[in-house]
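Down below is the structure, laid out as structure tokens.
The values are calculated or read from the model by the stated rules, or taken from the named source; none is laboratory data. These figures come from a predicted structure and were not determined experimentally. Heads up, the Cβs are rebuilt from the backbone with ideal geometry, glycines too, and the neighbour counts pull from every protein chain shown. Areas reflect the complete protein model, heavy atoms only, side chains present, ligands, DNA and RNA absent. Shrake-Rupley method; radii C 1.70, N 1.55, O 1.52, S 1.80 Å.
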Amino acid sequence: MTSTPISQRLRGSLTALVTPFRDGAFDEHAFRAFVAWQLENGTHGLVPTGTTGESPTLSHAEHDRVVEACIDEAAGKVPVVAGAGSNSTAEAIERAVHAEKAGADALLIVTPYYNKPTQEGLYRHFKAVNDAVGIPILIYNIPGRSVIDMSVDTMARLYELRNIAGVKDATANVARVSLQRQAMGEDFVQLSGEDATALGFMAHGGHGTISVSSNVAPRLCADFQEACLAGDFRTALGLQDRLMPLHTHLFAETNPSPTKYALARLGLMGEEVRLPMVPVGEGTRALVDGALRHAGLTNG
């Protein structure tokens with residue numbers, strides 16, 4: 001195990017892992033094999049039980065088991081950032097405490113969806129989770145799903161707390177990177193939550209991406225991030241061109257249905273999702289097939 005602080009290890013391509021199902025149940029065998037494949041292909045970090053992992057439809061027992069299996073399979077090789085968010089503060093604390101006890105390196109806590117809290121409500125929600133655990137917390141700011149956008153000022157207040165370490169920024173507004181960098185400084189971990197704009201995000205001073213596309217193309221996404229972190233944006237642009245159809249078409253229908261279809265095409269798991277998610281239609285299948293060919297991941 002490295003002695004480097006975890007906040008400095010949260011760099012590069014971190015995969016927002018899907019959760020495979022078989023006959024309605026969590027397919028732990030497929031999940032463990034998938035995590036091992038991710039590690040073999042250079043992924044820099046693992047993020048189970050986030051939105052891409054269909055966490056809203058996991059029972060608490062399933063949620064906890066996915067986190068445990070990920071930590072066990074990772075075996076300390078890369079950081080595991082466990083999704084533990086909820087629109088209920090008490091529930092978020094429960095999942096966060098469990099993840100810490102299970103050995104997670106950090107937590108990903110989403111802004112409470114549906115409730116539409118004020119900025120003060122957001123502050124108190126995250127402070128309550130902060131006060132309940134002793135590992136780093138990444139704020140997951142995704143206005144498109146949660147309706148609420150955490151302000152830079154609120155983020156700066158939270159960064160004064162002991163465990164708030166950074167943000168997964170899914171606003172797709174690359175100017176936020178510079179604004180947050182000015183407010184919190186260079187050590188505030190900034191990870192993009194939006195693959196298509198990650199190139200600009202990194203150029204503005206980002207540290208990496210919590211990626212959907214890296215489920216399907218972990219090596220290419222890791223290479224892209226390594227190029228960005230090295231300041232080699234010519235190489236990064238070439239990889240961006242290769243990956244862009246995936247970045248686009250994996251969202252042709254609601255994530256993660258297109259991603260699971262892609263993974264089924266690669267023979268890594270079934271494409272089963274849980275209601276209210278449904279398998280993708282024929283038009284999206286054709287788009288994803290084309291994106292896989294463009295990236296060089298399939299021949300036909």
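Summary table below
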{"read-out": "Prolate/oblate/rounded label for segment 146-245 (Cα gyration tensor, a/c 1.5)", "value": "prolate"}
{"read-out": "Probe 1.4 Å - accessible area at E253, Å² to nearest ten", "value": "60"}
{"read-out": "Cross-link pairs K77/K101; K101/K168; K127/K260; K127/K168 - those with Cα-Cα distance over 27 Å", "value": "K127/K260"}
{"read-out": "Radius ratio Rg over Rh of the chain, counting only Cα atoms, Kirkwood formula for Rh", "value": "0.94"}
{"read-out": "Protein accessible area in segment 6-238, 1.4 Å probe - carbon and sulfur %", "value": "49"}
{"read-out": "Calculated [θ] (222 nm, deg cm²/dmol) that DSSP helices of n ≥ 4 give over the chain, each run adding -39,500 (n - 2.57)", "value": "-14000 deg cm²/dmol"}
{"read-out": "Å² per residue, accessible surface of segment 6-238 at 1.4 Å", "value": "37"}
{"read-out": "Burial ranking of peptide ranges 275-283, 100-108 (average Cβ count within 10 Å, highest at the top)", "value": "100-108, 275-283"}
{"read-out": "Computed accessible area, R293, all protein chains, 1.4 angstrom probe, square angstrom", "value": "110"}
{"read-out": "Residue-span extension gain [A36 to D153] - 0.36 nm each, minus C-alpha spacing", "value": "38.2 nm"}
